[in-house]
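J.: Pasting a structure here, questions to come.
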Amino acid sequence: MTIRFARTACVFTACVFFGSSAFAQPLRTWVSGTGNDADPCSRTAPCKSFSAALAATAAGGEISVLDPGGYGSVTITKPITISGVGTQAGILVSGATAVNISIAGPLAAPLTATVTLRNIQIVGAAGVGSPGVIGVLVTSPMATKVILDNVNIRGFGDSGVRAEGANKVSINGGVFSENGGIAIHAIDTSSINVANAQIVGNNIAVQADLGSTIRLSNNDVYDNKTGFACGTGGTLASAGNNRKAGNVGGAVATCNPTVAVTIQ
């Protein structure tokens, strides 16, 4: 009887262990232009969309892009990295927001509310339908850090990037162009740091509103209707090493950042 009980206990323990392991989400998943969202998003059976891969990836993990493709709009509700390094990874939307980042929390330690998008093309499909609304919208109730590393955003009617609440966005590199509203827009107590980017051919290049802050360093701000829009209660700060020219014709009042932008 004792032996039988011991064997039964071992079998039960094994079932619980393997059952738990089977349902654990991987830290890395994959997408491919020829993938299938019914697949497990593994390296050999990738998914088709960012949204399916996000659902299959553990918080704090990474979605990697295998090959060029359009991977669809996505709402991000947990810490994640989406990396298109070495590929032509794209999101194309019409009449919608491409990436909505909204993390409510709480998060189990040691996770932090951080979202990274790397080497991705985000396009609002003006010309083939309604223009996209917002390229990247950050509305997290839990203060979130968003990193946009070499992300190109164009063709959105409201904003290329819009940060709200107490969220912080760091932009390094990338081209922000042909946005019919504001290329980079901060409101509330949010902040956006922009370095090494090209902000060209937009209605408004940058605008900080309602207590928010936008900091600029080593950017090219050319041929926008309004380069630096004077928002309500916001702060534009410059390291003094930005370049601007041809920002004329806008109907929105222009203001200078708290430190003069260098003209070269």
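J.: Restricting to region 161-182, give me the number of residues that are assigned to a strand (DSSP E or B) and either closer than 15 Å to Asn242 by Cβ or of a type outside the set (D, E, K, R) (or both).
T.: Result for region 161-182: 10.
J.: Of the numbered conditions (1) crowded, with 20+ Cβ neighbours inside 10 Å; (2) over 25 Å from Val93 (Cα atoms); (3) charged (D, E, K, R), Asp220 satisfies every one except a single condition; which is it?
T.: Of everything listed in (1) crowded, with 20+ Cβ neighbours inside 10 Å; (2) over 25 Å from Val93 (Cα atoms); (3) charged (D, E, K, R), Asp220 misses just condition (1).
J.: Further, regarding this structure: In region 239-249, how many are surrounded by 21 or more Cβ atoms within 10 Å (Cβ to Cβ) and touching a Leu at 6+ places or on another chain (Cβ under 8 Å)?
T.: Looking only at that region, the number is 1.
Where a number appears in this text, it was derived from the coordinates with a stated rule and is not lab data. All of these numbers come straight from a predicted model, not from anything done at the bench. Neighbour counts are summed over all protein chains in view; Cβ atoms, including those assigned to glycine, are modelled from backbone coordinates with ideal geometry.
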